[in-house]
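Structure first, commentary second.
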Amino acid sequence: MHFFLKLTIDTQPRSIQSIAADYKLKADRLLHAYKEHLSDFPKFQENKKENLRNESFVFPENFGEFMAIDETSLSNGTTYTILTNRQRKGQKGTIAAIIKGTRADPIVEDIFQSVKSQERFNIKEITLDMANSMDWISRQIAPNAVKTLDRFHVEQLVFDAVQSMRIRHRWDAIEKEEEFSKNYNRVPVYKNGDTPKQLLARSRWLLFRKNEKWSQQQRERAEILFEKYPDLKTGYDLVFEFKKVYNLDNPDSAERYLKSWCKQATDSKLTEFITLAKSIQRYIGGIANYFHYKGTNASAENFHAKLKHFIATLRGVNDKNFFFFRILQFYA
């Protein structure tokens, strides 16, 4: 019985409560028995005192040719930097390092102390977001690797520009509707039944989709939206022109395309897109590096989702040491 209980807890990222229910046991008694007797948690606490105090764990054996680095919040808003092996696909051996905080210098120091230079030099590609700290860490720990900016982070930034414009217009519409109400005037209604405020609120999702994928209702809404707010049409077109860069097949053509796109964005005179163009110009090399291996941070994002789901099954993290023990057992 003890063997099967231990096997179930050790191999499945489930809450103790759900496992106790399967075996018709009291959850608090099973938790105590597992922590103190059935598992290796006492040994883990003894052997990893320094790691637990600093909340820093590095696993040299999990370094590989294709890595991803990202930050995530695990408990109570505390942020951790997680380095993962993309080839392990969220299974055992995925976590190469998990270190509290995002400051570059202490993270680099912890990895340098644990991982031999040859293992770091063997990394071919590391994917990351556009945070400066992630860029600096990547350059230090993987000097030979191609540094690829995750396409989904980049695309999200581009989409944010047009959504920022929509939100700005929506606040203006809200203010105007308040004025109409104060003066007992009727709020204008467009032919599809939307008020200006509703039109801008309900247009969020259509701005994320290509026009050929719009429903008939979205098509009618877009027609009104772009007639009343032509700058949103310009922004929308720029977004989907940008996405075409990922249809190219080599870094050189991608760089040329991005430079041309940045000029279009600047010439549009749209404040959000002028700012965006400056960011894209700064990161052109990292964006174009996508075409070396076509790596993304998707595996890292999926892994973070697994961690958050596991935290949710635990209903939060009450014992941080035990939490680290369990996730490292599953994923490191």
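Descriptive notes on the structure:
- Scan of segment 140-158 for residues that are touching a residue at least 40 places away in the same chain (Cβ under 8 Å) and open to solvent by 20 Å² or more (accessible area, probe 1.4 Å), ordered by number: Val146, Lys147, Arg151, Phe152, His153, Leu157
- Selection count, segment 291-308, where residues are touching a residue at least 24 places away in the same chain (Cβ under 8 Å), open to solvent by 20 Å² or more (accessible area, probe 1.4 Å) and either closer than 10 Å to Val146 by Cα or in a loop (DSSP other than H, G, I, E, B) (or both): 3
- For segment 254-271, the criterion of being under 28 Å from Thr79 (Cα atoms), surrounded by fewer than 21 Cβ atoms within 10 Å (Cβ to Cβ) and out of contact with any strand residue (DSSP E or B) (no Cβ under 9 Å at 6 or more places or on another chain) is met by no residue.
- Residues that are in contact (Cβ under 8 Å) with a residue 60 or more places away in the chain, in a strand (DSSP E or B) and not hydroxyl-bearing (Ser, Thr, Tyr) within segment 26-83 comprise Phe57, Phe66, Met67, Ala68, Ile69, Asp70, Glu71, Leu74, Ile82, listed in sequence order.
Here's the yes/no breakdown for (1) polar (S, T, N, Q); (2) closer than 17 Å to Ser114 by Cβ:
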site	(1), (2)
Ser39	yes, no
Asn51	yes, yes
Asn62	yes, yes
Ile98	no, yes
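- Applying the condition of being modelled with pLDDT under 75 and more than 35 Å from the chain's Cα centre (by Cα) to segment 15-29 and asking which residue is surrounded by the most Cβ atoms within 10 Å (Cβ to Cβ) yields Leu25.
- Residue check: Glu178 meets all listed conditions (1) modelled with pLDDT under 95; (2) in a helix (DSSP H, G or I); (3) touching a helix residue (DSSP H, G or I) at 6+ places or on another chain (Cβ under 6 Å) but one, namely (3).
- Single residue of segment 186-220 satisfying the filter (assigned to a loop (DSSP other than H, G, I, E, B), without any contact (Cβ under 8 Å) to a residue 24 or more places away in the chain and open to solvent by less than 40 Å² (accessible area, probe 1.4 Å)) that is nearest to Phe159 (Cα to Cα): Trp214
- Scanning segment 84-135 for residues that are small (Gly, Ala, Ser), part of a loop (DSSP other than H, G, I, E, B) and either closer than 24 Å to Gln329 by Cα or open to solvent by 60 Å² or more (accessible area, probe 1.4 Å) (or both) gives Gly90, Gly93, Gly101.
- For segment 237-276, the candidate set comprises residues that are of a type in the set (Val, Ile, Thr) and touching a residue at least 24 places away in the same chain (Cβ under 8 Å); within that set, the residue that is nearest to Asp160 (Cα to Cα) is Val239.
The values are calculated or read from the model by the stated rules, or taken from the named source; none is laboratory data. Since the model is a prediction, treat every value here as computed from it, not as a measurement. Please note: Cβ atoms are built from the backbone with ideal geometry, for glycine as well, and neighbour counts cover all protein chains shown. Ligands, DNA and RNA are stripped out before the accessible areas are found, and what is left, the full protein with its side chains, is counted by its heavy atoms. Shrake-Rupley method; radii C 1.70, N 1.55, O 1.52, S 1.80 Å.
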